[in-house]
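Written out below as structure tokens is the structure these notes cover.
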Amino acid sequence: MLQQSNGMTFHKSNHSSHPEALCQEAAGLEAIRQVLTEHQIPIQIPQVHAVNDHSLKLQRIDHRAGSAHQWTAFGQALAQLHQIPQAQLGWLQDNFIGLNPQRNGWSDDWGQFFCQHRLGFQLTLLRDVQQRRTWQQLLDRIKRPLTQWLNQHLDHPSLLHGDLWSGNVLFDATGVWLIDPAVYCGDAEADLAMTQLFGGFPAVFYRGYESARPLSAAYPVKKIIYNLYHQLNHLNLFGSGYLGGCERAFAVLLQRFG
């Protein structure tokens, strides 16, 4: 997708093979905005000016580096968002994680949803047939105990940004903004795990988050499980640089659940 700023508008053009990608991005932004507005949570979402299969026009954000105070406030506000129980797990329609499809649908079984629609679906996208077969067999082997464990360690479904790395968090003089979601409802700690995948957010963010919503004792293992999804996605999108991370994560899961 090509991106450019013009005056007060930020413009994205869709040249991918998925014509619905920008419309799904806009729908995700609006879904997060509704919950933030309803509960008066101080996180901002850019206004969608126009969207179709080819183009998305958003409110432009004159972003800058976030201050320690802003990162702390963002951590606290994200915890507020995650504390709001959602009715179901999943999402009403498929959307996208980066340039890859993200499978959704509604569910009442978090472990099954994550194994099938997150890990399992990414395995179907692998180009290396032998690698796909090996990891699918491993997932089949651990799926039952992994599913049970994830369900046991879920507080409630939370609305997730879904692609929460530093490039999708912007700051300006007014506060924090979220962009480019891969929205769905799931374990809040899946969002937290991704914040630590590519270098991590500042320590004050985590202190702010945990002051409002302490992380669970299971989080160190959850972080490996949830970030395996994103590592597989990056392997599928960008190639073998992410192979080692996937192999290490699968080895941990096999040791823990095999």
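Simple rule: put +1 on each Lys or Arg Cβ and -1 on each Asp or Glu Cβ in region 61-257, find the dipole, and look at Gln131, Gln88, Leu160; the Cα lying farthest toward the positive end is Gln131.
Between Gln152 and Ala212, the FRET efficiency estimated from the beta carbon spacing at R0 = 25 angstrom works out to 0.60. Close amide H contacts of His49 (hydrogens built in the peptide plane, cut-off under 5 Å, sequence separation of 5 or more or a different chain): Lys57, Leu58, Gln59.
With a simple spin-label model that places each label point 7 Å from the Cα along the Cα-to-Cβ direction, the separation between Asp94 and Glu20 comes to 0.7 nm.
A compact globular protein would have a Cα radius of gyration near 2.2 N^0.38 Å; the ratio found for region 142-228 is 1.14. Based on Cα contacts under 8 Å between residues 6+ apart, the chain shows a relative contact order of 22 percent.
Within the straight-line cut-off of under 30 Å between alpha carbons, the lysines reachable from Lys223 are Lys143, sequence neighbours fewer than 8 places apart in one chain being disregarded. Residues Lys222, Lys143 in ascending order of nearby Cβ atoms (within 10 Å, fewest first): Lys143, Lys222. Amide H contacts for Phe96 (H built 1.01 Å from N in the peptide plane; partners 5 or more residues away or on another chain; cut-off under 5 Å): Gln102. In the chain, helical runs assigned H by DSSP with n ≥ 4 each contribute -39500 (n - 2.57); averaged across all residues and rounded to the nearest 500, the mean residue ellipticity at 222 nm is -14500 deg cm²/dmol.
The label-point distance for His39 and Ser13, in a model that sets each label 7 Å from Cα toward Cβ, rounds to 3.9 nm. Taken one residue at a time, the phi angles of region 95-103 give Karplus couplings (6.51, -1.76, 1.60, θ = phi - 60°) of 9, 9, 10, x, 9, 9, x, 10, 7 Hz. Gly and Pro are set to x.
Treating the Cα atoms of the chain as identical point scatterers in vacuum, please give the log10 of the normalised Debye intensity I(q)/I(0) at q = 0.12 Å⁻¹, two decimals. Once normalised to I(0) and log-transformed, intensities are -0.72. For region 191-203, putting each phi into the Karplus relation 6.51 cos²θ - 1.76 cosθ + 1.60 with θ = phi - 60° gives couplings of 5, 5, 4, 5, 4, 9, 6, 10, x, x, 8, x, 4 Hz, in residue order, rounded to whole numbers and with x for Gly and Pro.
3J(HN,Hα) couplings calculated from phi for region 146-155 with the Karplus curve 6.51 cos²θ - 1.76 cosθ + 1.60 (θ = phi - 60°) are, in sequence order, 5, 4, 4, 5, 4, 5, 5, 10, 9, 6 Hz; Gly and Pro show x. Residue order for Cys185, Cys246, Cys23, fewest other beta carbons within 10 angstrom first, comes to Cys23, Cys246, Cys185. Across region 177-251, Cα-Cα pairs farther apart than 18 Å form 46% of the total.
Geometric descriptor of region 1-103, per residue, is 123 Å³ (volume of the convex hull of the Cα atoms).
Once the chain from Gln47 to Gln136 is taken as fully extended at 0.36 nm per residue, the excess over their C-alpha distance is 27.9 nm. Close amide H partners of Leu160, meaning residues 5 or more places away or on another chain with modelled amide H under 5 Å apart, are Tyr184, Cys185, Gly186.
Quick one: compute the contact order of region 57-117, relative version, from alpha carbon pairs under 8 angstrom and 6+ residues apart, as a percent. Normalised by residue count, the contact order of region 57-117 is 22 percent.
Fewest-first ordering of Trp110, Trp91, Trp165 by other beta carbons within 10 Å of each residue's beta carbon gives Trp165, Trp110, Trp91. Going by Cα centres, region 91-127 and region 11-58 are how many Å apart? When both Cα centres are located, 20 Å separates them. A Förster radius of 35 Å combined with the Cβ-Cβ distance from Gln59 to Gln83 puts the calculated FRET efficiency at roughly 0.85. Within the same chain, lysines fewer than 8 places from Lys12 are excluded, and of the rest, those with a Cα less than 21 Å from its Cα are Lys57.
Read-outs: derived from the displayed coordinates by stated rules, not from any lab. All of these numbers come straight from a predicted model, not from anything done at the bench. Counting neighbours? That spans all protein chains shown, and the Cβs are built from the backbone with ideal geometry, glycine included.
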